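Undergrad: So that we are looking at the same thing, I have put the structure below in structure tokens.
What follows draws every value from the coordinates through simple rules; no lab data is involved. Note that this is a predicted model, so its numbers are computed, not measured. With ideal geometry, Cβ positions are generated from the backbone for all residues, glycine too; neighbour counts draw on all protein chains shown.
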Ligand code: URA
């Protein structure tokens, strides 16, 4: 376990944080749940027009896309003969595309897509598995009991929920909360990749086995992955236990606290190195 100093957290804060997390309960105080970040529909038409222009699609396709954008949706890619380059989309266009995605069978059983929520310039990006029943109903990630614990874990390292960005490997709920299937993960992957590329977090916190395995493309048991730094491209990744697992096994919270401190130490090291570069 790194010292509080090396993680940029002093002893007093450390004691406060440990107390705040309870280690036993993570019970800090009830946090009001934030609403889904409503991306302004305004501008979607404009974004779609420029997307269409950039991709040089036919006038017919452009008409379909503009019409859909005016009605607040982007047509499913299967409805039009066009390949959208997801890596070029901005936030409203990406969210619109996700909300009308029919790329895998999960769209048939979902109530809502669960795009992601939080600060588009967050230092920390949390990546979970997939929406559960509560998330499917509300269209926002981590709103159930596991989400409440996640909020408290984040507060313990000094971040309110709305100061981080939260997303999942999948944007739609797998029926009965079964594990995501490889086909579903691969159809959804470009959306998450684009979110990561736009947020540019200083660290990704992958919570749970499914997030860790699908992000890092490994099958190492999570107990062996946690406590280490991985890389997703240029972005450092820290793996920790899923809050739903911590609710079932509170004795593992102390390990998760170590993982959170590792994530913080990575952020502080990056900040220090930037300061050193700027002043040299
Ligand atoms: N579990 C997850 O992994 N993600 C959610 O959004 C909710 C529960």
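Undergrad: Which condition from (1) in a loop (DSSP other than H, G, I, E, B); (2) more than 11 Å from the ligand (Cβ to nearest atom); (3) over 26 Å from residue 267 (Cα atoms) is the one that residue 114 breaks?
TA: Checking residue 114 against (1) in a loop (DSSP other than H, G, I, E, B); (2) more than 11 Å from the ligand (Cβ to nearest atom); (3) over 26 Å from residue 267 (Cα atoms), the one that fails is (2).
Undergrad: With respect to residue 232, determine if the residue is within 19 Å of the chain's Cα centre (by Cα), within 23 Å of residue 88 (Cα to Cα) and away from the ligand (no atom under 16 Å from the Cβ).
TA: yes
Undergrad: I'm checking my understanding of the structure. Among residues of the stretch 155-173 that are crowded, with 22+ Cβ neighbours inside 10 Å and not in a loop (DSSP other than H, G, I, E, B), which one is nearest to the ligand (Cβ to nearest atom)?
TA: The residue in question is 168.
Undergrad: Checking the condition over 14 Å from residue 153 (Cα atoms) and either within 16 Å of the ligand (Cβ to nearest atom) or in contact (Cβ under 8 Å) with a residue 40 or more places away in the chain (or both), which residue from 273, 265, 251, 256 passes?
TA: Going through 273, 265, 251, 256 in turn, just one is over 14 Å from residue 153 (Cα atoms) and either within 16 Å of the ligand (Cβ to nearest atom) or in contact (Cβ under 8 Å) with a residue 40 or more places away in the chain (or both): 265.
Undergrad: With (1) away from the ligand (no atom under 13 Å from the Cβ); (2) touching a helix residue (DSSP H, G or I) at 6+ places or on another chain (Cβ under 6 Å); (3) in a loop (DSSP other than H, G, I, E, B) as the list, and residue 194 as the residue in question, which single condition is left unmet?
TA: (3)
Undergrad: For the stretch 134-143, what are the residues that are more than 21 Å from residue 214 (Cβ to Cβ) and either in a helix (DSSP H, G or I) or near the ligand (Cβ under 6 Å from one of its atoms) (or both)?
TA: Matches in the stretch 134-143: 134, 137, 138.
Undergrad: Quick check on the stretch 122-152: of everything there that is without any contact (Cβ under 8 Å) to a residue 40 or more places away in the chain and more than 12 Å from residue 244 (Cα to Cα), which residue is surrounded by the fewest Cβ atoms within 10 Å (Cβ to Cβ)?
TA: Step by step, filter the stretch 122-152, then rank; the result is 137.
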